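Peer 1: Take a look at this one; I'll ask things after.
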Amino acid sequence: MVNQSVQTARGAVRRRALFERLIYLGPGLTYLFIFLLLPLLLVLSYAFFQRGRFGGIEYEFTLDNFTRAFDPIYIDVLLDSVVIAGITTVLALLLGYPTAYVIAGLPKKWRTIALVLVVLPFWTNFLIRTYAWIVLLNSEGPVNSGLVGIGIVDEPISMLYTKPAVIVGLLYAYLPLMILPLYSSIERLDDEIGEAAANLGAGPVRRFFSITWPLTLPGVITGCIFVFVPSLGNFIVPELLGGGKTVMVGNLIRDQFLKARDWPFGAVLALAVIAFLVLLFVVQAWSSRRLEGSDVGSRVDA
Amino acid sequence: MRRSRWLLIPFWATFVFLYVPILVLVVMSFNASSNPFSWDGFSLEWYGELAGNEDILEGFRNTLVVAVGSTVLATVLGTLLAVGLDKYSRSKALDAFTLAPAIIPDVVLAIGLLAFFTLVQFTLGLHTVLLAHVVFNTAFVTAIVKARLNNVDHSLEEASRDLGATSASTFVRITLPSLAPGIIAGALLAFTLSLDEFVIAFFTNGPSTPTLPITIYSMVRFGVTPEINALATLLILVSFTVVIAAQRMTRLTDSV
Amino acid sequence: MSFRSAQSGNLVNSGNRGNSVNRGKSPATKTVSWVAVALATGMVLAACGGSDDEPSAAATLDPEADLSQQSLVVSNWAGYMPEDLPKRFTKEFGADVEVAEHATNEEIVAKLTAGGDSGIDVAFVSGQFAQALAEQDLVEPIDETLIPNLENLYPEATELAYDPGNQISVPYAWGTTGLCYREDLTGFAPTSWNDLLNPKPELENKTTMMATERWLMLPAQKALGFSVNTQDEEEMNQVRDQLIDTKPTLLAYDDTTFYERLISGEASLVQAWDGWCNYGIAEDDRIKFVVPEEGSDLWTDTMVVLKTSENKEAAHAFINYILDPKIHTWVVENILYKVPNQAAMEAVDPALIADFPNLGMTPAELLEQEALVDLGEAAPLYTQIATEVTASN
């Protein structure tokens, strides 16, 4: 008797749990299903069809678009984009890590102010920030005028419309995204471990590489992803700061859809980018799982 | 632990790097000359021009509509999703799926949505931009609320239910209030992202309802116009206020 | 185990928690997902079926239509139409006019060919693109009875290669492409496309070329003696090789701000459309324009009415309004481009032509250049080459 009522009670409880799941997860997942998954699947499916004569799609199955993507020019653009995004990420790390480290060491009040200041440029309009660099780096602009005025160079250096200009633009856009996760990771470090190591005779460099760096690696990886991914797909910075002379994969994809009206080929390129990123994430997940086990130095309340 | 002095070099370099362009914009917005390469005296003329610029005002109105609408929707969807994922799902894949819009290159997402809207013959306009913005906004809200959930004490909820409260009541009276800072942070983040979002709006918008970033893009493409500097300065002021407010209200940086 | 704790125990442990075997979506979400899939798939299939329908055949347009009940969305290049023109039209005819902007032909054509109703009634596109749109059956045939001002056009403007007889488009402005430069910065007066393609050392990093395909190819095509409409792969490979050689000498590729660079001195020699160069001349009269000796193109920007428009009568009235000599002369004076409207050009103030010499080119002179037509099958070739050029190192 008790068993039966427990079972019906369990049934009611399970039904309610089911109902709750529907309420919580249903709306969000349905929305994402319709407006995220389907569009992505759709666009990726175009990769298998032909471009119509004037743009548009002809529903004839073909793998031509894939073979075309292996044309050296496109591989070059993809590699170039990876290199540019990679350099940007490394620079962001070189600048961002020390910055985050210093901020984490500040007294609480200053820490907050510093973080707000780091985040603030990120909240201003991206286009306008990029445009500011056009003004700054122009051959008639303040930087060049300053350099010529001080006498470091005789003639304005052409800095704009070059690959370095694109890297600077991307770095500027995404540096805050590197600093925040880094700060988060560094802030959780338990100072005592470092002090113990110092007491045992380890120098600052040794302490950094053996303790600090490995323990903050999750933050490093997150920060790198936050910078690398948007840099890879960005087309505005190469267009505005690169003078159209640096073609990144984002430009290629945009051009296929908006200029060449070759949606199938654009879809292949998008697939390539996604595949590449999925690979990156698999690596990140694998490495963070490995690191989770060695989470010794972080404070417990994290 | 004492930080090495050498670290201060990249530290200050970072802040100089981040703020010099902004200073340039702000200073130039008061430049009487339209030529950004020569200073002609202090003037508010560009702010005046800005106030009268119909295109910018229209862009701003449209952007606000999209930002507010998508934030509201995304906050609701995202909060529910975060709670649901936290309570009912161990699946990393599902987590990844809900976070996907934040990590897929926006150009890919934008094109997918354009293709989708085209296929279902949805006329493009502000409504399609709104629908598109909800997608990535939901991802961000979910991520932030979920992060907050990790720090929340579930025992309060359990106690509430043990004492006989219904799930709905527990949710409204216990869960939501404890999540409030995270929800607000998420909403603020979604709002700010939507305000500035260009790529997805560019692809999913109709011809006659440009959002502010799209208007700015046209202005920037056609060269240096001084109103942009005034606009930039104003936007910086707005962002500054929003971030300060967010910080005050939620101690945002504590949950970083 | 008490009843109460069993209950709460179950609640807390429901779903996947504590149940390491059951990874992945819980049954409820799985059901929800499948329902969503079914719905969406159905939607998609239904839409697929729907999108095969042709837009209903155009009914004859009504000359007596009440225009105040109609409204127009017109897409044009920025600054390519006097700013007050839409308002003047509305004042006279009652139909509201909203202006949308596009920066390149490719952009507007992409919007128009994306399927469904773009929301645009009248689009300003270059002739070869009007031709392409017509081949895709997106353009409404021009009803001449609603545009009596067509008679103001030059005879030459009624037999243009991309649309002989102006059946699907009406020309708005025409001109050619050439070199726009500041002699005080270049130190000489350029006469050939090679001055741009293989510039003197002093000019390196002070030149720009256009990036939109047809005009990117143009200088090299003419310098090598090819047609601007060539579809020959061999010839285009040579064009590509020349352009790749030119790229390192360029300051930037620029379709929109090249005259400003001349004014600021950032560049001294740029590829430019004749009218656009006039914008530069207007601000700095040291700027000059020349059509290179190898010859150039004849481009025409036209107005087309979209088949999806529900305001076709207002659209025609708009086009007719523009062809009115008073209005079209005002266009010339405002945007500094030549228009194919004989009555309008003859009414232009001679002083203006003295200031902007290229406004004085006669139709005969223009027709010496080669008219641009749609490339048809060869379009992807041009796109591929454009990518190879701009992405080259």
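The values are calculated or read from the model by the stated rules, or taken from the named source; none is laboratory data. Please read all numbers here as calculations on a predicted model, not as lab measurements. Here the Cβ positions follow ideal geometry from the backbone for every residue, glycine too, while neighbour counts run over all protein chains shown. Just so you know, the surface numbers come from the protein's heavy atoms only, side chains and all, with ligands and any DNA or RNA stripped out. Shrake-Rupley method; radii C 1.70, N 1.55, O 1.52, S 1.80 Å.
Peer 1: Dipole of the protein assembly as shown (Lys/Arg Cβ +1, Asp/Glu Cβ -1, origin at the Cα centre): which of B:Phe15, A:Pro181, B:Phe117 lies farthest to the positive side?
Peer 2: Comparing the listed Cα positions along the dipole, A:Pro181 ranks first.
Peer 1: May I pose another question? Work out from phi, with θ = phi - 60° and the Karplus expression 6.51 cos²θ - 1.76 cosθ + 1.60, the ³J(HN,Hα) of each residue of the stretch A:160-165, listed in order in whole Hz, and give x for Gly and Pro.
Peer 2: Karplus-based 3J(HN,Hα) across the stretch A:160-165 equals 7, 6, 10, 4, x, 4 Hz.
Peer 1: Would you pull out the residues with amide H under 5 Å of B:Ser33's amide H, same chain only if 5 or more places away, H placed 1.01 Å from N?
Peer 2: Under 5 Å from the amide H of B:Ser33: B:Asp40, B:Gly41.
Peer 1: Let me ask something additional. Given Cα pairs under 8 Å that are at least 6 residues apart, what percent is the relative contact order of chain A?
Peer 2: Dividing the mean separation by the residue count of chain A yields 25 percent.
Peer 1: Charges only on Cβ, +1 for Lys and Arg, -1 for Asp and Glu: so what's the dipole of the protein assembly as shown about the Cα centre, in debye to the nearest 20?
Peer 2: With Lys and Arg at +1 and Asp and Glu at -1, about 7600 debye.
Peer 1: What is the distance in Å between the Cα centroid of the stretch C:78-105 and that of the stretch A:129-165?
Peer 2: The two parts, judged by their Cα centres, are 38 Å apart.
Peer 1: Which far-off residues, 5 or more places away or on another chain, put their amide H under 5 Å from the one on C:Leu153, with H placed in the peptide plane?
Peer 2: The list, which skips near neighbours in sequence, is C:Gln342.
Peer 1: Right, next: Return the Cα extents of the protein assembly as shown along principal axes one, two and three, sorted largest first, each rounded to a whole Å.
Peer 2: Rounded to whole Å, the extents work out to 100, 72, 54 Å.
Peer 1: Okay, moving on. Anything over 21 Å Cα to Cα? Flag those among C:Lys91/C:Lys312; A:Lys163/C:Lys247; A:Lys259/C:Lys222, in the order listed.
Peer 2: A:Lys259/C:Lys222
Peer 1: While we're here: Over the stretch A:71-301, with a single point scatterer placed on each C-alpha, what log10 of the ratio I(q)/I(0) does the Debye formula yield at q = 0.09, 0.12, 0.13, 0.18 1/Å?
Peer 2: So the normalised log intensities work out to -0.49, -0.81, -0.91, -1.28.
Peer 1: Are there GluC sites (Glu not before Pro) in the stretch C:114-171 that DSSP puts in a loop and that have at most 15 other Cβ atoms within 10 Å, and which ones?
Peer 2: Sites meeting the loop and neighbour criteria: C:Glu159.
Peer 1: Taking θ as phi - 60°, what are the ³J(HN,Hα) couplings along the stretch B:53-67 by the Karplus curve (6.51, -1.76, 1.60), each to the nearest whole Hz, with x for Gly and Pro?
Peer 2: Couplings: 7, 4, 4, 5, 4, 5, x, 5, 4, 4, 4, 4, 4, 5, 5 Hz.
Peer 1: Along the positive direction of the dipole of the protein assembly as shown (beta-carbon charges: Lys, Arg +1; Asp, Glu -1; about the Cα centre), which of A:Ile87, C:Leu218, C:Ser392 reaches farthest?
Peer 2: The residue sitting farthest along the positive end of the dipole is A:Ile87.
Peer 1: Sticking with this structure for a sec: Using the alpha-carbon atoms, what tilt in degrees (0 to 90, nearest 10) does helix B:126-150 show relative to the longest principal axis of chain B?
Peer 2: It works out to around 50 degrees.
Peer 1: Between C:Val139 and residues 5 or more places away or on another chain, which pairs have amide H atoms under 5 Å apart, with H built 1.01 Å from N, and which residues are they?
Peer 2: For C:Val139, whose amide H was placed from the backbone, the distant partners under 5 Å are C:Lys307.
Peer 1: Okay, next question. Leaving out ligands and nucleic acids, and using a 1.4 Å probe, what accessible area per residue does the stretch A:71-301 come to in Å²?
Peer 2: It amounts to 39 Å² per residue over the stretch A:71-301.
Peer 1: Also, quick follow-up: Given only helices, namely DSSP H runs of n ≥ 4 each adding -39500 (n - 2.57), what is the per-residue ellipticity at 222 nm of chain B, to the nearest 500 deg cm²/dmol?
Peer 2: Here the helix-only value at 222 nm equals -24500 deg cm²/dmol.
Peer 1: Follow-up question, since we're still on this one. Count the net charge of all other residues whose Cβ sits under 11 Å from the Cβ of B:Leu212, scoring Lys and Arg as +1 and Asp and Glu as -1.
Peer 2: Combined, the nearby Lys, Arg, Asp and Glu give -3.
Peer 1: Sort the stretch C:287-393 into rounded, prolate or oblate with this rule: let a ≥ b ≥ c be the square roots of the eigenvalues of the Cα gyration tensor; rounded if a/c is under 1.5, and if a/c is not under 1.5, prolate when a/b is larger than b/c, oblate otherwise.
Peer 2: Judged from the Cα gyration tensor, the stretch C:287-393 comes out oblate (a/c at least 1.5, b/c at or above a/b).
Peer 1: May I ask you to list the GluC sites (Glu not before Pro) in the stretch C:255-307 that are in a DSSP loop and have at most 14 other Cβ atoms within 10 Å of their Cβ?
Peer 2: C:Glu293
Peer 1: Round to a whole angstrom and tell me the spacing of the C-alpha centers of the stretch B:203-249 and the stretch C:314-393.
Peer 2: Taking the Cα centre of each part, the stretch B:203-249 and the stretch C:314-393 sit 34 Å apart.
Peer 1: Over the Cα atoms of the stretch B:76-197, Rg to Rh with Kirkwood Rh, two decimal places?
Peer 2: 1.06
Peer 1: With θ set to phi - 60°, apply the Karplus curve 6.51 cos²θ - 1.76 cosθ + 1.60 along the stretch C:101-112 and write out the HN-Hα couplings as whole Hz, x wherever there is a Gly or Pro.
Peer 2: 10, 9, 9, 9, 4, 4, 5, 6, 5, 4, 4, 6
Peer 1: Report the Cα centroid-to-centroid distance between the stretch A:196-262 and the stretch B:57-96 in angstrom, as an integer.
Peer 2: Cα centroid to Cα centroid, the span is 26 Å.
Peer 1: Pull up the cross-link candidates among the lysines for B:Lys87, meaning alpha carbon to alpha carbon under 28 Å and not fewer than 8 places away within one chain.
Peer 2: Those lysines meeting the cut-off are B:Lys146, C:Lys25, C:Lys30.
Peer 1: While we're looking at this one, here's another question. What number, rounded to the nearest 500 deg cm²/dmol, is the helix-based mean residue ellipticity at 222 nm of chain A, given -39500 (n - 2.57) per DSSP H run of at least four residues and division by all its residues?
Peer 2: Helix-only estimate at 222 nm: -23500 deg cm²/dmol.
Peer 1: To the nearest 20 Debye, how big is the dipole of the stretch A:71-301 about its Cα centre, given +1 on the beta carbon of each Lys and Arg and -1 on that of each Asp and Glu?
Peer 2: It comes to approximately 340 debye.
Peer 1: Right, something else. How much of the DSSP beta bridge set in the protein assembly as shown is antiparallel, as a percent to the nearest 5?
Peer 2: About 65 percent, rounded to the nearest 5.
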